[in-house]
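The numbers here are math on the coordinates, done by the rules we state, and not lab data. Nothing here was measured: the structure is a model prediction, and the numbers come from that model. Cβ placement follows ideal geometry from the backbone for every residue including glycine, while neighbour counts extend to all protein chains displayed.
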Amino acid sequence: MGKTTTTRRGLPAWGPAWGPTLARIASAFLFVILSSTFNYAQKISPEEQKLVDYIDAHTGEAIALLEKTVNIESPTENLAGVRQVGAVFKAEFESLGFTVKWISMPAEMKRAGHLLAETKGTKGKRLLLLGHIDTVLSGEKFRREGSKAFGTGTVDMKAGDVVLLYALKALRATGALNDTRIAVMLTGDEENAGRPLEVSRGDMVTAAKGSDMALSFESTVGNTATVGRRGASSWTLEVTGKTGHSAGIFREDSGNGAIFEAARILNQFYEALHREKYLTFNPSVIVGGTEANLNEVTGTATGKTNVIPAKVIVKGDLRFIGEQQKEAARARMREIVAQNLTGATAKITFEDGYPAMTPAEGNYVLLKLLDQVSQDLGFGKVGALDPGDRGAGDIAFVSNVVPGLDGIGGKGGGAHAPSEFVDLQSLPMLTKRAAVLIYRLTR
């Protein structure tokens, strides 16, 4: 843990000076390259109907692959399980003619790695398609109950990986994948990204720099897609105070103790910041007393009722919609921490995690195209999900490099919890939508 640095080797500086400039350039470029697409995107063409027909004919096959991968336990920390799921998808992409490789992470990072599959075409827009093959939990096998399939990782996000794959299978079967320029990255640690981030996400950023746009197949929410996701970072508050007999608390020579100082700071965080849109902060664990120790999520503390507490440690998160909001919140938190009660001192440190996918003009252009595809297919309109309703995700690491759209994968519920499920009836619709979207983007 330590103070934030804003420059990362191999990764873009996600700060306000760099991000908006490149985002504006990318958005303007996207308007130009998609203009011809909008001109003809009025109805389903005969070529697009072939995609629809293929997907209808292979729905059972897609569900069987989903069952196979869900039954392989792959929580982030289960490196062998993640690699096993990766091997299943590696074979699938190789059968489509992709050049595929497994990118291993250094052993000390304790992460399995990522799957990268690429076509070597020369025509059309360059697409980066994102998914992940790790899960949060483990242990719940695939089971069907009517139109739902339950199991760990069903909706988050092995169903999205299957949607992505079968959209590409439809394109390959109809000849529409020929000479395209598509990169697919399925990460093995999306649920808990390996550190340092410049290593675990460096290959993704490199792929994005060779692309024109990115599509991520995280779960679909209602009839929406995701144009923005909040970022997530962590903070640690350490408070010290004079200790002594409790009878002397509040006196000038004894002070107020570490717990009162920590309580003041947390309350002022709340009063100063809790009303700001898209900004949240959560003190998730706190220990305090005469002695206190905290190791990530596990802590110990000792103390007596007649002794003024000497130490408090608090850990929490900070979620935000953009770098400017994040840095402004951190500055206000530092100001509050510095206003110490008598006899106490405090310091706060921040550590970056996932950057924000700030809603950008280019993202809305992609949403408009997806909406047109959906209506042409007879599936209704697609709107933008409120960024406050979505947590951090991998696409944010490339959102300052290329325009992007997320939330176009499986539809279901219960992610990160027992009884996670995916709606099997929605899979053909979502796969058709993805296939036609990719088709139009790559013409």
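May I ask which residue of G299, T99, T431 lies farthest towards the positive end of the charge dipole of the chain, with charges of +1 (Lys, Arg) and -1 (Asp, Glu) on Cβ and the Cα centre as origin? The residue sitting farthest along the positive end of the dipole is T99. Relative protection proxy for 238-250, 288-300, from highest mean packing down: 238-250, 288-300 (other beta-carbon atoms within 10 angstrom).
In a reduced charge model with +1 at each Lys and Arg Cβ and -1 at each Asp and Glu Cβ, the chain shows a dipole moment near 660 debye about its Cα centre.
Sorted fewest first by neighbouring Cβ atoms within 10 angstrom, V184, V287 come out as V287, V184. Both radii come from the Cα set of the chain: Rg as radius of gyration, Rh as Kirkwood radius; their ratio Rg/Rh reads 1.05. Excluding same-chain neighbours fewer than eight residues apart, the lysines reachable from K90 by a Cα-Cα span under 16 Å are K68, K101, K158, K169.
For the chain, the relative contact order is 25 percent, taking Cα pairs closer than 8 Å that sit 6 or more residues apart in sequence and dividing their mean separation by the residue count. Two tests apply to each whole DSSP H helix in the chain, Cα reach of 20 Å or more along its axis and mean Kyte-Doolittle hydropathy of at least 0.0, and the ones passing both are 19-40, 79-95, 159-173, 257-273, 426-441.
Between R443 and K141, what is the FRET efficiency for a Förster distance of 51 Å, r being their Cβ-Cβ separation, to the nearest 0.05? After rounding, the FRET efficiency stands at 0.80.
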